[in-house]
Amino acid sequence: MSTEKTQEIVARTLASFLAELDDVIGTSVDDQGQLEARAAAVENLQKVVGRQLSEYSVKLNRRRNSLLPIYRLPVELLIDIFLRVIDLIDWDMEQNRNIASVCKAWYDIIIQSPQFWHRINVSHDIETIKRIMRRNADGPFSIQFDKDSIGESKHEEVLTLLAPQSHRWQSIMFQGRLTDTIFKLISSPAPELTELFVYQWSGESQRKFELPEGKLIRRMDVGLVSLPWSSPRLSTLRSIQIRNLNKDLPTLSELSTILSSSPELTWLRLSEWTETTPLQDDTPPKYLIRLPKLETLVLQSIQPRYVNHLLSHVHSTSCTCLQIDDVPSKHLQTFDAPLVHLMASSISSANSLHLDLDEAKLKLAISSTPEAHVLDKWIYWANRKPGIEVTIQLKNLTEMRVLAEAIAGMDLAKGKGEDAERSISLTIAGRGSDPPPETTGETPADPEAQTPFPCEALGYLPLIKEIRCSNHFNATPLLRYLGRPQTNFDDTVKWPCPKLSKLEVNPWESSADTMFEELKAFGEARVGASRAGDPPPAEEVNAVEPGQSSESGTIGDGGPSTGSPAGADATVASTDSSSGSGSSSTGPTSSEPAPAAVASALPGPTETTASTGHSDDTPSPDDALSKVPAVSPSETVIDEVQQLEDAIKKAREEEERRNRPAKMERLGVPSEVVERLKEVDLLKDIVSEL
């Protein structure tokens, strides 16, 4: 029917209706009572007509909506769509209300479908809980306990109401104190249970849950709670968190069975296991455990037998978040070791890698930026950040060479993104100023533990850009190694660490002259090789004009900066000799001077065939100058401006240096510290002359 025809029918009907209404009202009636009666009748007629028109409008709208594509979908499909819109983990009735308020059809679907009334939060009042159970009379539902919302009496009241329906429990999420009554109620047989999250507060006695026959558990997160680890329900798991156990730990065989039967596992976290007595029959299985979808692996503060077994048998190339404490170095002795694959995949998401070696503790910490981080929460809310955080326990420093070789076998060249180059830094904490065991009459448990840092390990890490040495680390062998080309494992002769842009050392000798000579030889060797016309390939050079800042170079107290990936800015940080802390300083304070730059080396070449460490191979000044390209007028102007700025800066530093002793005396600084500062200033003058 056309719009014109519809309007014609409405106009004709309305005209007839109004004419009859005029006859009913009449114009000759003057009685007050009759007029009021007829007015009331008209008002009542208006309500009736309005209600009927509204009903007709609703019918027309429903008829029109029924022709829309979404209303042609089956109810089952609409339910599936709504379930994807609703947050099933953090569900509340407000989400149902938002969908049900759209139209009557959607309202009926929400009210009549038990899938939308699946979660009972114990913080709800009893009437709300009963309403949810009425609308979900036969389907499965989940129980969630909010630890901060109510007390133990409310827990017991709600569980008493829900225990008779334990055959419908699908998920339990409990965090709090497990009293005898609560534990008895929450341990009711639940054959439909597929998610078990139970975490007791610290200080409580550990409990053990029983798992009668039923569906397979998909997600398990327990703390201070043990399970029958050999239960057939603990298979095909997708996430596992077991924390804070002090007894009833799974055997290696039971743990291996759980993991090997869960190929869909994406999350594995074991932490804070304190039982010290191993089981007599704890014989580890020999087979490899392949977990192709494992993305998160956290092993913290658990017994070494579990760490050794898992790192020897768990194989995954999908792990992007790795956190492990105290890894024995034997797990990185071969290129195909399972730990190598775990580390390689977790490093792939990092933009930079940090190696921290502690000589005293014989520990190598490998971390990334961004940092690997996993929140200590239930799996659903334990957000994680991809990366690596692994601590390796060495037997002696000689193993550092083997570990460096294993690390070099990983894909370290590229960071996150196709064109991003990963930055690698190395920090070495020396043994400090304590005398070695042979001077104190003590016999070290492992004589090899006193071996010096194997500098040849750096030959396997050519991508290192920064090296920091602290706590009185003996830098002499390191400077000599970096100051000349070395023969690599492939029999090629190359400069070590060609991308090195910063080298930071702390005072390691009692004689400032000895330290200066070593730094001088290091700088002259690399500068001489660069001027001799043996720079790194052009595609690896990032030249920076004078005065321009660069991420790969720094300017320290008047020392020049290099922007080349192969440059090395070596600094010596002054320290208070009486403290013996060996910590480096990055800025002036009232009681400790700023670090002083004593050597700055220009870019070293990436490959050469002769060592520049010998005087016979050192080029003469004429040879070096003959290979320096001619400078343009613009470069000359830039050089002159830079020289003027350096002169002004040097004059200011000289004035500050002259006033420093008097200032130190006013501040009450010990005289030996003032003398130490004078030695550092002298070193700066010598370096400036160079």
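Entry remark, the range 56-101: residues being under 30 Å from residue 141 (Cα atoms), touching a residue at least 12 places away in the same chain (Cβ under 8 Å) and not hydrophobic (A, V, I, L, M, F, W, C) number 3 in total. The number of residues in the range 468-493 that are open to solvent by 70 Å² or more (accessible area, probe 1.4 Å) and in contact (Cβ under 8 Å) with a residue 60 or more places away in the chain comes to 4. If you go through the range 346-368 and keep only what is surrounded by fewer than 22 Cβ atoms within 10 Å (Cβ to Cβ) and without any contact (Cβ under 8 Å) to a residue 40 or more places away in the chain, you end up with 361, 363, 365, 367.
Exactly one condition in (1) farther than 25 Å from residue 129 by Cα; (2) free of Cβ contacts under 8 Å to residues at least 24 places away in the same chain is false for residue 187; which is it? That leaves (1) as the condition not met.
When the residues of the range 351-380 are filtered to those that are outside any strand (DSSP E or B), of a type outside the set (D, E, K, R) and in contact with a Leu (Cβ under 7 Å, 6 or more places away or on another chain), the one that is farthest from residue 294 (Cα to Cα) is 362. Of the residues examined, residue 546 is not one that is part of a loop (DSSP other than H, G, I, E, B) and modelled with pLDDT of 75 or more.
Looking across the range 215-246, the residues that are buried (at least 19 other Cβ atoms within 10 Å of the Cβ) and within 20 Å of residue 167 (Cα to Cα) come down to 217, 220, 227, 233, 234. Open to solvent by 60 Å² or more (accessible area, probe 1.4 Å) and β-branched (Val, Ile, Thr): is that true of residue 75 in this structure? Here the answer is yes, as residue 75 does meet what is asked.
How about the range 207-226: which of its residues are free of Cβ contacts under 8 Å to residues at least 24 places away in the same chain, among the aliphatic types (A, V, I, L, M) and touching a strand residue (DSSP E or B) at 6+ places or on another chain (Cβ under 8 Å)?
Result: no residue meets the conditions.
Residues of the range 30-79 that are touching a helix residue (DSSP H, G or I) at 6+ places or on another chain (Cβ under 9 Å), closer than 30 Å to residue 114 by Cβ and in a helix (DSSP H, G or I): 58, 62, 65, 70, 71, 75, 78, 79.
Hey, among the residues in the range 205-214 that are in contact with a Lys or Arg (Cβ under 7 Å, 6 or more places away or on another chain) and of a type outside the set (A, V, I, L, M, F, W, C), which one's surrounded by the fewest Cβ atoms within 10 Å (Cβ to Cβ)?
Here is the first cut: in the range 205-214, the ones in contact with a Lys or Arg (Cβ under 7 Å, 6 or more places away or on another chain) are 206, 211, 214.
Narrowing the set further to residues that are of a type outside the set (A, V, I, L, M, F, W, C) leaves 206, 214.
Numbers: 206: 15, 214: 17.
By that ranking, first place goes to 206.
Does the range 379-390 contain any residue that is under 30 Å from residue 200 (Cβ atoms), among the charged types (D, E, K, R) and either open to solvent by less than 20 Å² (accessible area, probe 1.4 Å) or modelled with pLDDT under 90 (or both)? Yes, there is a match, as at least one residue in the range 379-390 is under 30 Å from residue 200 (Cβ atoms), among the charged types (D, E, K, R) and either open to solvent by less than 20 Å² (accessible area, probe 1.4 Å) or modelled with pLDDT under 90 (or both). Does residue 140 meet the test of being in contact with a Gly (Cβ under 7 Å, 6 or more places away or on another chain) and either of a type outside the set (A, V, I, L, M) or free of Cβ contacts under 8 Å to residues at least 60 places away in the same chain (or both)? Against the criterion (in contact with a Gly (Cβ under 7 Å, 6 or more places away or on another chain) and either of a type outside the set (A, V, I, L, M) or free of Cβ contacts under 8 Å to residues at least 60 places away in the same chain (or both)), residue 140 does not qualify.
Among the residues examined, residue 404 qualifies as over 16 Å from the mean Cα position of the chain (by Cα), at pLDDT below 90, within 23 Å of residue 455 (Cα to Cα) and not in a loop (DSSP other than H, G, I, E, B).
The values are calculated or read from the model by the stated rules, or taken from the named source; none is laboratory data. Keep in mind it's a predicted model, so treat the numbers as computed, not measured. Cβ coordinates were reconstructed from backbone atoms using ideal geometry, including for glycine residues, and neighbour counts include every protein chain displayed. Remember, those area values only see protein heavy atoms, side chains included, never the ligands or the DNA or RNA. Shrake-Rupley method; radii C 1.70, N 1.55, O 1.52, S 1.80 Å.
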